[in-house]
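See below for the structure under consideration.
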Amino acid sequence: MNYTFDFENKGILITGAASGIGLEATRAFLQNKATVFMADYNEKKLTEKAEELKKDFPDGEIFTFVCDITDKEARTRLISDVKATGRDVDVLLNNAGMSHSVYSIHEKQEDWERVISLNLTAQFFMAQAVANEFFIPKKNGKIVNTCSLSGIMGIPSAVAYSASKGGVMQMTKSLACEWARFGITVNSVCPGFVETPLIADNLSNEKWMGYMTMRTPMRRLAKPDDVAGSILFFASHMADYITGASVVIDGGFSSGS
């Protein structure tokens, strides 16, 4: 067994790649010589971040694709455009998502549907498309879904978000059972509260930050690089016999305090 991360000549497709966990994972894969396909709906930010990464990794191979993965036609174009590069996809990091916080009695159907559409439905159909086009024909591939602590614990004021992430966790298990015969592993990372643009408003709230720091045994929130290592592990050959698993990355938050 080679106990090193080696993604040379491996293609990694990352959704939500222009910020937060997706951006840090992109950086981590590039450090390990992967070819990275960055997909994001925000064209300006995607272009900006890709240019920064190209300066940091002048020998790295980076392709960018503007895509709203909730749109069926956009997903189809994304797969077609990735195939047109002539490169293969070996790993899908199903990372695009959104946060949403509102008391349940005030939840609006259109907001509920928007959260479920991006966080759960689009993740499934991305996994389906990549499996059909890249993984099943060669009987090999790895999918890492970005889940959340909210998929495990009940979080007040986040019923739609929690429902979507709980769905991602069960989807991960179901796909792992179904697709193992194709040589595909499907796992998920479940971060707690991570310092990303998704919770920018909370990060500037001193009362909230004080409580969260006190409530978390490690006395801090996660940073994107705290999550990227687990993503690399699941995507690597060292996790070849792991499927249907979810790793919680929350500084001990869910263990109690």
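The values are calculated or read from the model by the stated rules, or taken from the named source; none is laboratory data. These figures come from a predicted structure and were not determined experimentally. Cβ coordinates were reconstructed from backbone atoms using ideal geometry, including for glycine residues, and neighbour counts include every protein chain displayed.
Take the conditions (1) part of a helix (DSSP H, G or I); (2) within 28 Å of His106 (Cα to Cα); (3) of a type outside the set (Gly, Ala, Ser); (4) more than 14 Å from the chain's Cα centre (by Cα); Met169 misses just one of them, which is (4). Restricting segment 90-125 to residues that are among the polar types (S, T, N, Q) and part of a helix (DSSP H, G or I), which is farthest from Lys10 (Cα to Cα)? The extreme case among them is Ser104. The listed residues are Ser80, Ser104, and the only one of them that is among the hydroxyl-bearing types (Ser, Thr, Tyr), at pLDDT below 95 and either surrounded by fewer than 22 Cβ atoms within 10 Å (Cβ to Cβ) or over 19 Å from Gly16 (Cβ atoms) (or both) turns out to be Ser104.
Given the criteria within 25 Å of Lys108 (Cα to Cα) and either surrounded by fewer than 16 Cβ atoms within 10 Å (Cβ to Cβ) or out of contact with any Phe, Trp or Tyr (no Cβ under 7 Å at 6 or more places or on another chain) (or both), does Phe193 qualify? Yes: the conditions hold for Phe193.
Does any residue in segment 118-142 that is buried (at least 20 other Cβ atoms within 10 Å of the Cβ) come within less than 6 Å, Cβ to Cβ, of a residue that is at pLDDT below 95 and hydrophobic (A, V, I, L, M, F, W, C) six or more places away or on a different chain, and which pairs are these? Correct list of pairs: Leu118/Met98. Thr70 fulfils the conditions (1) closer than 23 Å to Ile21 by Cβ; (2) in a loop (DSSP other than H, G, I, E, B); (3) of a type outside the set (A, V, I, L, M, F, W, C); (4) out of contact with any helix residue (DSSP H, G or I) (no Cβ under 9 Å at 6 or more places or on another chain) except for a single criterion, (4). Looking only at segment 218-239, residues that are acidic (Asp, Glu) and either over 19 Å from the mean Cα position of the chain (by Cα) or crowded, with 20+ Cβ neighbours inside 10 Å (or both) come to 1 in all.
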